[in-house]
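Undergrad: Have a look at this one before I ask anything.
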Amino acid sequence: MDTLLSVFPSDSTPLTVLGDFNLPSDKLHSSGLLALLNSFSLSFNSCPLTRKEGNILDLVFTHPSPATDMTATPLHISDHHLVSFTITLPILPKHNSQHLSLTCRNLHFISPSSVASCTLSSLPEHDSFSSLPLDSATDTLLSSLSSTMDLLCPLSTIRKKNSSTSPWLSDVLCNNQGELRSAARKWKKSNLDTDLISYRTLLSKFSLDVTSAKTSFYKEKLETSAQDPRKLYNIFSSLLNPPAPPSPSSLTAKDFATFYTEKIERICQTFTSLPTSSTSHSQHSTTP
């Protein structure tokens with residue numbers, strides 16, 4: 001249930017929860033499920049019989065609009081009936097937000113066989129290709145691979161919302177953070193005690209300001225969400241389970257080459273040196 005509640009949106013986004021909760025009608029109210037989901041502003045919609053045995057185990061919860069025209073159609077391939085209904089979604093206002101454009105290739109829908117087939121068809125014949133110098137053969141292969149990528153998965157531009165990871169970080173704190181970094185660079189360059197004292201003073205003040213800003217931010221957020229259990233749950237969930245740091249958005253060809261160069265070096269270091277000729281001779285010699 002914690003996993004289910006953690007994915008509920010904290011704003012007024014419409015939400016529909018469907019599922020086989022395996023709760024007979026006589027245990028539905030005593031289980032506390034209805035009261036729990038009702039505290040998250042989810043309304044229970046009465047369903048007709050949803051199982052061949054005559055039970056109602058498939059439940060529908062909606063927010064904010066209730067479901068209408070609930071029907072259950074028997075299916076010959078399942079003991080569950082097909083539950084259908086009508087729901088009216090409100091028109092949400094459009095919010096103007098800044099977006100970040102990213103250029104990428106969608107590699108999820110291409111198969112290795114199609115890449116290999118397309119690449120091989122653009123390469124020269126085997127005899128002519130094998131007779132090329134190493135650099136020319138490499139350039140030809142890379143050109144074929146590039147043409148294959150452009151054909152099967154061309155570059156596309158997507159828009160990504162530019163959201164702040166530290167909403168409590170105000171303009172004043174950003175300026176103080178810049179001064180702190182300048183002081184750190186100055187001390188590392190000079191190694192003077194006066195610069196170190198100045199850096200520590202700014203660091204202590206900046207830490208106190210960040211703690212105060214975080215406290216004020218979450219205090220205001222909790223006060224405004226005091227009457228909404230769903231928002232309160234998401235706030236505490238984000239504090240107790242902070243998201244993992246995002247992975248690098250892009251890697252260059254140099255990063256790719258460096259990774260494999262270092263990997264090959266580590267593999268080579270695991271090999272023991274080959275035995276010398278004298279050692280091999282002594283191992284195969286026999287005593288009379």
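Undergrad: Please count how many residues of the range 1-20 are within 20 Å of Ser237 (Cβ to Cβ) and either at pLDDT 75 or above or not in a helix (DSSP H, G or I) (or both).
TA: 10
Undergrad: I'd like to verify a number: residues in the range 38-69 that are farther than 20 Å from Pro90 by Cβ and in a strand (DSSP E or B), how many?
TA: 3
Undergrad: Which residue, of Pro74, Pro66, is modelled with pLDDT of 80 or more and within 15 Å of Thr16 (Cα to Cα)?
TA: The match here is Pro66.
Undergrad: Give the number of residues within the range 116-134 that are within 22 Å of Leu152 (Cα to Cα) and of a type in the set (A, V, I, L, M, F, W, C).
TA: Residues meeting the conditions: 4.
Undergrad: It is to be established whether one or more residues within the range 150-168 are under 30 Å from Ser122 (Cβ atoms) and among the charged types (D, E, K, R).
TA: Going residue by residue through the range 150-168, those that are under 30 Å from Ser122 (Cβ atoms) are 150-158.
Subset that is among the charged types (D, E, K, R): 150.
Yes, there is a match, as at least one residue in the range 150-168 is under 30 Å from Ser122 (Cβ atoms) and among the charged types (D, E, K, R).
Undergrad: Shifting gears a bit: Please count how many residues of the range 240-278 are of a type in the set (S, T, N, Q), at pLDDT 75 or above and within 30 Å of Tyr218 (Cβ to Cβ).
TA: 1
Undergrad: Residues Leu92, Leu23: which one is outside any strand (DSSP E or B), modelled with pLDDT under 80, under 29 Å from Tyr233 (Cβ atoms) and outside the structural domain of Phe8 (by TED's automatic domain parsing)?
TA: Numbers: Leu23 fails: outside the structural domain of Phe8 (by TED's automatic domain parsing).
Just a single option satisfies the conditions, and that option is Leu92.
The values are calculated or read from the model by the stated rules, or taken from the named source; none is laboratory data. The model shown is predicted, which means the values in this text are computed figures rather than measured ones. With ideal geometry, Cβ positions are generated from the backbone for all residues, glycine too; neighbour counts draw on all protein chains shown.
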